[in-house]
Amino acid sequence: MSTIEFVTVGVTDPAAAEKFYRDAFGLGERVRVQATDEPTSGFRGFTLSLVVAQPSTVDGFLSSALEAGATSLKPGAKSLWGYGGVVQAPDGAVWTIASSSKKDTGPATRQVDEFVLQLGVEDVTESKQWYVDHGVPVHKAYGRKYVQLGDQSSPITLALYQRRALAKVAGVDAEGTGSHRLLISGTAAPLTDPDGFVWAGR
């Protein structure tokens, strides 16, 4: 269960969503879509995050996402930790693009250094223990605030973040109801974690 091979985002218009993800981020098979009419409203409790080398690469991804139809939640800007911005896909999924660098050291690229699935959970400590009990090792832990889990060679890194803190980072209200509209696929048998996130297996 320590490797995430791809995520599947539930959408109402699969053809439009496939085009958006191809044009906005070009992540290939790591992001898939499937049709769903499961009710959902507000924040879905997760973000998909791209970590890149420098601010110009952040701006490039933000620009291509907006051109493809995303909505800006936070424009690219410097922060204490680097440089980043946030967009919301037409299907409602929230994406953050960030770099630990505040200055460019070369031309912008389309290279993604790390793809992180951040799950907003009610209790980071309890959720961490649930994952550990299911065989997922802890990679990094910052108390009750943030935890990275799993095999670091995984195509997608798994992280746990307190739900309200994650919503604040994303620039959205933390309230939300209904389906997460997200399936996590990798080295795991089908199961559902304490916060309702579904692991679909391969």
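Please count, across the chain, the pairs of lysine residues with Cα atoms under 12 Å apart that sit 8 or more places apart or on different chains.
Pairs that pass both the separation and distance tests number 5.
Running a GNM on the chain with Cα contacts under 10 Å, which residue among 92, 135, 171 ends up with the highest mean-square fluctuation?
135
Need one number: convex hull volume per residue for segment 97-202, Cα atoms only, in Å³.
So the per-residue Cα hull volume is 135 Å³.
Please compute the length gained on full extension between residue 81 and residue 177, using 0.36 nm multiplied by the number of residues separating them and subtracting their Cα-Cα distance.
31.5 nm
For the chain, state the average projected area of the convex hull of the C-alpha atoms over all orientations, rounded to one decimal in nm².
One quarter of the hull surface, i.e. the mean projection, equals 10.3 nm².
Express in nm, to one decimal, how much length is gained between residue 101 and residue 129 on full extension, taking 0.36 nm for each residue of separation and deducting their alpha carbon distance.
Values: separation 28, 0.36 × 28 = 10.08 nm, distance 3.23 nm.
Full extension from residue 101 to residue 129 adds 6.9 nm.
Hey, got the dipole for segment 119-175? About the Cα centre, +1 on K and R Cβ, -1 on D and E Cβ, debye to the nearest 20? Working shown, then result.
Values: 7 positive and 7 negative charges, 54 e Å.
Approximately 260 debye in magnitude.
With a bin width of 5 angstrom, please list the P(r) values of segment 151-202 as percents of all Cα-Cα pairs, from the 0 bin to the one holding the largest distance.
The calculated distribution, bin by bin, is 4, 16, 21, 26, 18, 11, 4.
Got a sec to turn the phi values of segment 7-19 into Karplus ³J(HN,Hα) couplings, 6.51 cos²θ - 1.76 cosθ + 1.60 with θ = phi - 60°, whole Hz, x for Gly and Pro?
Using θ = phi - 60°, the values come out as 10, 10, 9, x, 9, 8, 10, x, 4, 5, 5, 4, 5 Hz.
Output the direction-averaged projected area (hull surface divided by four) of the convex hull of the alpha-carbon atoms of segment 93-153, in nm².
For the Cα atoms of segment 93-153, the hull's average projected area reads 6.0 nm².
What residues from segment 74-103 fall in the zone where the backbone N is under 19 Å from a label point 7 Å along the Cα-to-C-beta line of residue 22?
It comes to 89-91, nothing else.
Given a Förster radius of 30 Å and the C-beta distance between residue 142 and residue 193 as r, what FRET efficiency does 1/(1 + (r/R0)^6) yield to the nearest 0.05?
Working: r = 20 Å, r/R0 = 0.66.
Plugging the Cβ-Cβ distance into 1/(1 + (r/R0)^6) gives 0.95.
Nearest 20 debye, what's the magnitude of the dipole of segment 70-137 about its Cα centre given +1 on Lys and Arg Cβ and -1 on Asp and Glu Cβ?
In debye, rounded to 20, segment 70-137 gives about 520.
Specify the inter-centroid distance of segment 108-172 and segment 33-66, based on alpha-carbon positions, in whole Å.
So the two Cα centres are separated by 16 Å.
Starting from the Cα of residue 109, step 7 Å toward the Cβ, then list every residue of segment 38-74 with an amide N under 17 Å from that point.
Counting backbone N atoms under 17 Å from the label point, the list is 50-62.
Read the figures in this text as sums done on the coordinates, not as results from a lab. Keep in mind it's a predicted model, so treat the numbers as computed, not measured. Counting neighbours? That spans all protein chains shown, and the Cβs are built from the backbone with ideal geometry, glycine included.
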